[in-house]
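Accompanying notes for the structure given below.
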Protein chains: 2
Amino acid sequence: MSLDAGGAGQGTQRKRADSVRNEQVLLAAAAAVFVASGVDAPVREIAGKAGVGVGTIYRHFPTRADLIIAVYRHQVEACAEAGPALLADTKSPHSALGQWIDLFVEFLVTKHGLAAALQNDRDGFDALHTYFVDRLVPVCADLLQAAVAAGEIDPSISAYQLMRGVGNLCAGDGKDPGYDAGHLVKLLIRGLARPALRRG
Amino acid sequence: MSLDAGGAGQGTQRKRADSVRNEQVLLAAAAAVFVASGVDAPVREIAGKAGVGVGTIYRHFPTRADLIIAVYRHQVEACAEAGPALLADTKSPHSALGQWIDLFVEFLVTKHGLAAALQNDRDGFDALHTYFVDRLVPVCADLLQAAVAAGEIDPSISAYQLMRGVGNLCAGDGKDPGYDAGHLVKLLIRGLARPALRRG
DNA sequence: TTGCTAAACGGAACGACGTTCCGTATAGTC
DNA sequence: GACTATACGGAACGTCGTTCCGTTTAGCAA
């Protein structure tokens, strides 16, 4: 639950370089495994992917739920930072929005697993949920507004509504082989474009 | 998935008496354990409560999900049959309704666990859900109508709406120690009574 | 560079779980 | 009472999350 991001503040022990590195590797590996195999993936699989022993995972994240929470926060942060970056790197805000939503969809896999992992901690879950909403809605709003300003989409939807819609499309994804949430989301984003631009 | 309730129909093998008896004992024990310890209760605990070995459970119910499904169907049936019986045994339909809702609340524990147990079988879950609605809504409607006819409650609510409300009150119950769904349900039922009767 | 030590590491080991297996007991039949 | 298909009990198996501990190494001082 520490919000301190490892700064060398006085009094806090300086962490070893390999420890810091492994923590990042673990977060990335866990995120990848969660997307590939779902949040029920065994800890050993994550350890293997990261190239570390299971003991290392448990020193960084005392319990499985802690790991999922950490991945969740990490993903929220990565998603939030990716928004402005995507906007800066492309000439088309609508395209940036599409790429950002892709990241968001990947992130939702972790988010949906969170509820199951935090069965006994509704307060903790709610806190993470509001953190997620507060952090990401403004980012999405910026992307939307940029696309509107560029004349690529109509201002017919709020950031919150779009994110809710995408979230709902992704609910239960991965369980039914006949359901491809990712594709539906792509269609939704394409549908946002103004008619004159709606191609491919 | 057999709908055949063990009748000695031609071609079907006659089951041994102890087998039939154990199946009933197991359904009752599992239902009790699910209510007491949640649907995540270990199979061994159910076997112990029923006084049988785990092997016996697995001969009757090949997998854990099968057991939960069987308990679910059994509870739906018991709940459905209890409605008319309660109505016949009491002079106050409103009281009968209250007792019936108590059974329904116990049943919901199993129902909520069902979704988790059937993660990979959305169709199966939906089928069971419609079975549940079709079977129980009419029973609840009869109880409601009897209470209305007796002048004990106002006809201000439909059976479906009442059951949905109770179901929603019970969602997430047992996770937060500060939340007692059973008590809220009791208040709801009491609130159904016409003002002149609303005591204790 | 070398030596020291606290910190971090890897993976075997543990206990609990769902599930399977098989030797034993028994209900049903003659 | 004897025979046999059926059902039973519970030990055993493989997998999981988690713990433990002997080994390795990063960071630092000489």
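The values are calculated or read from the model by the stated rules, or taken from the named source; none is laboratory data. All values reported here derive from a predicted model rather than from experimental measurement. Here the Cβ is made from the backbone with ideal geometry for all residues, glycine too, and neighbour counts use every protein chain on show. Note: areas computed on protein heavy atoms with side chains; ligands, DNA, RNA excluded. Shrake-Rupley method; radii C 1.70, N 1.55, O 1.52, S 1.80 Å.
Within segment B:29-66, the set of residues being of a type in the set (Lys, Arg) and either more than 9 Å from DNA strand C (Cβ to nearest atom) or without any contact (Cβ under 8 Å) to a residue 40 or more places away in the chain (or both) comprises B:ARG44, B:LYS49, B:ARG59. Taking (1) away from DNA strand D (no atom under 16 Å from the Cβ); (2) loosely packed, with under 14 Cβ neighbours inside 10 Å in turn, B:GLY55 satisfies each apart from (1). Residues considered: B:ALA78, B:ALA82, B:ALA41. Of these, the only one that is over 17 Å from the mean Cα position of the chain (by Cα) and either in the same structural domain as B:GLY124 (by TED's automatic domain parsing) or open to solvent by less than 50 Å² (accessible area, probe 1.4 Å) (or both) is B:ALA41.
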